[in-house]
Amino acid sequence: MQKIAVLDYGMGNLHSVASALQKVAPGDEVVLATTPEQAAGADRLLVPGVGAIRDCMAGFTDAGFAPLLKDAIGSGLPVLGICVGMQIMMQRSEENNGVDCLGIFPEPVKFFGNDLRHGGERLKVPHMGWNQVWQKQAHPLWSGIVDGSRFYFVHSYYVPAEASAAGAVPAENNPDIAGQAEYGVSLAAAVARENIFATQFHPEKSADSGLQLLKNFTAWNGRV
């Protein structure tokens, strides 16, 4: 039995994530940790998140999870971020007039805008519903998932797939981009580096493909 800690900082649909994990790994212990002490001894960490980035960052830091996450990453513990749980790992978000994030990844988080279009058609914001995800790097968490599979998204802010701290970089040249989707712009559907994998989409709401990704996470050793 392994211990999977889902970090509870007051922002996120934790119970659906925990239920999905328990479904794909019934023999494991899934803990909703509200303090670093409750997450102690975990074999892997999951960082969920739903809501405004300012509240999420405040809740995350107030709970003492920032040093916990950085220590886990430094120790090689497998880490999965979901939705805002991915965005808080970026450098800075445009939401709430600009909020500094954890800076684990150098990419920014940008607003889709009020006039997002594709082929002359105006697209709704937030980006809500199913969208194809194209795998941009081979990774154990994509195991058993067909390239171009659909996952469920709900978000108004996104990480550009074509940008990095150094400026405009094509997705295929940005090693952080693990998955890409299109919604008026090219967005990072997933990012990955060493023992971190994070998704903009919600695997717990993404039917078989999402459950497969979570199952892969429970078996992942944190190495690519």
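The values are calculated or read from the model by the stated rules, or taken from the named source; none is laboratory data. Note that the structure is predicted; figures quoted are calculated from it, not measured. Positions of Cβ are generated from backbone atoms using ideal geometry, with glycine treated the same way; all protein chains shown enter the neighbour counts. Please note that ligands, DNA and RNA were not included when accessible areas were found on the heavy atoms of the full protein model with its side chains. Shrake-Rupley method; radii C 1.70, N 1.55, O 1.52, S 1.80 Å.
Summary of values
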| read-out | value |
| --- | --- |
| Any pair with Cβ under 6 angstrom, 6 or more apart, that starts in the range 197-208 at a residue that is touching a residue at least 24 places away in the same chain (Cβ under 8 Å) and ends at one that is outside any strand (DSSP E or B) and open to solvent by 30 Å² or more (accessible area, probe 1.4 Å) | Glu204/Ser16 |
| Test: Ser156 is under 16 Å from Val24 (Cβ atoms), open to solvent by 20 Å² or more (accessible area, probe 1.4 Å), modelled with pLDDT of 95 or more and not basic (Lys, Arg) | no |
| The range 111-144: number of residues that are assigned to a strand (DSSP E or B) and among the basic types (Lys, Arg) | 2 |
| The lone exception for Gly10 - which of (1) at positive phi; (2) modelled with pLDDT of 95 or more it fails | (2) |
| Total residues in the range 35-59, condition more than 17 Å from Ala219 (Cα to Cα), open to solvent by 50 Å² or more (accessible area, probe 1.4 Å) and under 19 Å from the mean Cα position of the chain (by Cα) | 3 |
| Matching residues, the range 43-83, being basic (Lys, Arg), touching a strand residue (DSSP E or B) at 6+ places or on another chain (Cβ under 8 Å) and not in a strand (DSSP E or B) | Arg54 |
| Tally of residues being under 21 Å from Asn216 (Cβ atoms) and either of a type in the set (A, V, I, L, M) or open to solvent by less than 40 Å² (accessible area, probe 1.4 Å) (or both) across the range 60-78 | 6 |
| Hits in the range 10-34 - residues which are open to solvent by 20 Å² or more (accessible area, probe 1.4 Å), part of a loop (DSSP other than H, G, I, E, B) and in contact with a helix residue (DSSP H, G or I) (Cβ under 9 Å, 6 or more places away or on another chain) | Gly10, Met11, Gly12, Asn13, Asp28 |
| When residues of the range 180-220 are limited to those that are in contact with a helix residue (DSSP H, G or I) (Cβ under 9 Å, 6 or more places away or on another chain) and among the acidic types (Asp, Glu), the one surrounded by the fewest Cβ atoms within 10 Å (Cβ to Cβ) | Glu194 |
| All positions within the range 92-102 that are part of a loop (DSSP other than H, G, I, E, B) and either over 14 Å from the mean Cα position of the chain (by Cα) or β-branched (Val, Ile, Thr) (or both) | Glu94, Gly98 |
| Looking only at the range 108-124, and only at residues there that are farther than 12 Å from Tyr157 by Cα and open to solvent by 70 Å² or more (accessible area, probe 1.4 Å), the one that is modelled with the lowest pLDDT | Gly119 |
| Set Ile104, Ile82, Ile88, Ile177: member being open to solvent by 10 Å² or more (accessible area, probe 1.4 Å) and among the hydrophobic types (A, V, I, L, M, F, W, C) | Ile104 |
| Residue in the range 79-101 that is free of Cβ contacts under 8 Å to residues at least 40 places away in the same chain and in contact with a Lys or Arg (Cβ under 8 Å, 6 or more places away or on another chain) present | yes |
